[in-house]
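Asker: Just passing along the structure, written as structure tokens.
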Amino acid sequence: MQFVQNFPFFSIILSLFSGPLSSILGGKKAKWVNIAVISIVGCLSVAVLAFVLSTGEEYVYMMGHFPAPWGNEIRVGILEALMAVFFCLIMLLSMLGGEKEREQEIEESKQNLYYVMVDLLLCSLLALIYTNDIFTAYVFVEINTISACGLIMIRQNGRTIEAATRYMIMSLLGSGLLLLGICFLYDLTGHLLMSNIQEKVRELYETGGYHIPLIVALGLMSVGLAIKSALFPFHSWLPDAYGYSTLSSAAILSSLVSKGYIFLLVKIFYRVIGFDIVRDSRVVDVLFVFGIAGMIMGSLSAIRENNIRRMIAYSSVAQIGYIYMGFGLETTAGVIASLYHIISHAATKSLLFVAASGITDVSGDSTSFFDLTGAGYRNKLAGVAFTVGSLSMVGVPMFAGFISKLLFAQAAVESVNKILPTLIALAISTILNAVYFMKTVIRIYTPEKRKVLKQKQYTTVKMKDQPVKSAALICFIALNLFLGLFSEPIIELIQAGLEMFA
């Protein structure tokens, strides 16, 4: 075994133990530990991705060097390494972009606790990406939930406490259903390692045994993770959680937390059950219907919002719907489109939250659309960044969102029975996206009368006034353009990783 093959394990352990370390440090020291850990883990993930690409094969890392079924395993391929790289990059930029807001909105005595939650969240996301044990995945799902809840309520005001309570209730419901599904699956197969479960499930499927219990187990796990990832209509906790938590929390929650649950669902489809069996079960048809409903209803809710952050939050409901719709197409092309959308949406949604913060900073800290008039002139970089994110969400060429929608449309052509509803839903959702995002862009670039400006005493911000946030916004813009202009290598990596995944 080469030394680089230890890096996924090192990444999980490093982020896990940095949490307790941050708890005994002051806020500033804990911040630098957190930034260093995310950066180091990102570099380790890049090295792992390069190694897997050079060998062209995935590998299994035995925890404690005990073989299955007694030992736990990490399984590493192209797709896992790629997701780890992007998750680290998005988390790092989100933390840098929200630095000023964290210092203002979180009590100094609690800032180190915030970094404890972020460290544990990174650990749980990496574990969900790499683990080959389904019960270990459940354990880290719960760690993910607790960490995310802490990130929401760290501000300690009425809105965030209510949002955290809603989030916890819905997440525990989802976790309970996931655990029931795992228990049923363990009772049927006698295994917890994903590869061993798949062998037994295929044997049962081919002999026709326990067909209904298998569908029940798959359905429970799918619904549980759909609830946790805020698929419509299980999204009621999302607007307040994203809209009123501190900036870094909103960016991380919207771009990464739900994606970790979705990635685990992909592993269940391919590595635990087998996608051909999942197709025959018709569970994906249910996800397809709710995915399309989420695309439309999430966008309609966003149109009705007058609060920019809640509008962006409702947009996430629509984008989660896109991902589940891709699964529901029952084709490899649909899953590739969904996996690419996980990356493109993560990059774009964090960009929108950080840019929206820059816009509200120069609008008297107001999130109301009326007060945002002319904000694009008062903070030029934030205005450009929000425009880039909006164009991406609408699906304008050159930006990441266009590639996602193009992939979904191409995947729909391969799914004969679902081509019409998919293309209609894509068209309607794109129009609705244009309505609320372009409405906001027009608002922030509508010049305001001088008398009104003097009365409101708005400030003007330049790049040099907020160097860290400006750097984060520039990197987000560059990432979005990269995903829109140079998408082919990423798509090829996803395709190769999915083949290796299965």
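Asker: Pop out the ³J(HN,Hα) list for the stretch 31-43 in order, Karplus 6.51 cos²θ - 1.76 cosθ + 1.60 with θ = phi - 60°, rounded to Hz; leave Gly and Pro as x.
Answerer: Along the stretch 31-43, the couplings run 5, 5, 4, 5, 4, 5, 5, 4, 5, 5, 4, x, 5 Hz.
Asker: With respect to the cross-link table entries LYS29/LYS259; LYS380/LYS439; LYS228/LYS267, which display a Cα-Cα separation exceeding 23 Å? Don't skip to the end; give the middle numbers.
Answerer: On the way: LYS29/LYS259 29 Å; LYS380/LYS439 18 Å; LYS228/LYS267 16 Å.
Beyond 23 Å between Cα atoms: LYS29/LYS259.
Asker: Can you give me the distance in nm between label points at SER23 and VAL416, each placed 7 Å from the Cα along the Cα-to-Cβ direction?
Answerer: 5.9
Asker: Could you derive backbone 3J(HN,Hα) for the stretch 485-496 from the dihedral phi with the Karplus parameters 6.51, -1.76 and 1.60 (θ = phi - 60°), listing whole Hz in sequence and x where the residue is Gly or Pro?
Answerer: Per residue, the Karplus-derived 3J(HN,Hα) values read 9, 10, 7, 4, x, 5, 5, 5, 5, 5, 4, 5 Hz.
Asker: I would also like to ask the following. Using a Förster distance of 35 angstrom, determine the FRET efficiency expected from the C-beta separation of LEU423 and PHE66, and round it to 0.05.
Answerer: Numbers: r = 51 Å, r/R0 = 1.44.
The calculated FRET efficiency here is 0.10.
Asker: Using amide H atoms built 1.01 Å from N in the peptide plane, name the residues 5+ places from ASN379, or on other chains, whose amide H lies under 5 Å from its own.
Answerer: The list, which skips near neighbours in sequence, is VAL461.
Asker: If you don't mind, another one. Sorted from largest down, what three extents in whole angstroms do the Cα atoms of the stretch 1-154 have along their principal axes?
Answerer: 47, 30, 22
Asker: Under 19 Å from the Cα of LYS28, which aspartates and glutamates turn up, not counting those fewer than eight places away in the same chain?
Answerer: Filter leaves GLU99, GLU101, GLU103, GLU105, GLU107, GLU108, ASP119.
Asker: With r defined as the distance between the Cβ atoms of GLU162 and LYS100 and R0 fixed at 22 Å, what FRET efficiency is calculated, to the nearest 0.05?
Answerer: With a Förster radius of 22 Å, E is 0.30.
Asker: Calculate the FRET efficiency for ILE212 and ILE35 from the Cβ-Cβ distance with a Förster distance of 51 Å, rounded to the nearest 0.05.
Answerer: Working: r = 50 Å, r/R0 = 0.99.
E(calc), rounded to 0.05, equals 0.50.
Asker: Under 16 Å between alpha carbons, and skipping anything fewer than 8 positions from LYS405 in its own chain: which aspartates and glutamates qualify?
Answerer: LYS405 reaches GLU414, GLU488.
Asker: Output wanted: per-residue J couplings in Hz (rounded whole) for the stretch 322-327, from phi through Karplus 6.51 cos²θ - 1.76 cosθ + 1.60, θ = phi - 60°, x for Gly and Pro.
Answerer: 4, 5, 6, 4, x, 4
Asker: Sticking with this structure for a sec: Computed over the Cα atoms of the chain, what is the convex hull's projected area averaged over all directions, in nm²? Each step should come with its number before you reach the end.
Answerer: Working: hull surface 88.2 nm².
One quarter of the hull surface, i.e. the mean projection, equals 22.0 nm².
Asker: Per DSSP H run of n ≥ 4, the term is -39500 (n - 2.57); total these for the chain, divide by its residue number, and report the mean residue ellipticity at 222 nm rounded to 500 deg cm²/dmol. Intermediate results must be reported in sequence, preceding the final value.
Answerer: Working: 23 runs with 381 residues, N = 502.
The per-residue figure over the chain is -25500 deg cm²/dmol.
Asker: Right, next: Amide H neighbours of GLU73 under 5 Å, at least 5 residues apart or on other chains, H built in the peptide plane: list them.
Answerer: Residues meeting the amide H criterion: MET63, ASN132, ASP133.
Asker: Sort 109-119, 191-201, 247-257, 291-301 by packing, meaning the average of other beta carbons within 10 Å per residue, with the highest value first.
Answerer: Details: 109-119: 21.2, 191-201: 19.3, 247-257: 27.5, 291-301: 22.8.
Taking the mean over residues of other Cβ atoms within 10 Å, the ranking is 247-257, 291-301, 109-119, 191-201.
Asker: Roughly speaking, what is the stretch gain from ARG202 to LEU300, that is 0.36 nm per residue apart minus the C-alpha to C-alpha distance, in nm to one decimal? Don't jump to the answer; show the numbers that get you there.
Answerer: Values: separation 98, 0.36 × 98 = 35.28 nm, distance 4.20 nm.
Between ARG202 and LEU300, full extension yields 31.1 nm more.
None of the figures in this text is laboratory data; all of them are computed from the coordinates on show. Quick caveat, the model's predicted, so the values are computed rather than measured. Because the Cβ atoms are built from the backbone with ideal geometry, glycine has one as well, and the counts that use them run over all protein chains shown.
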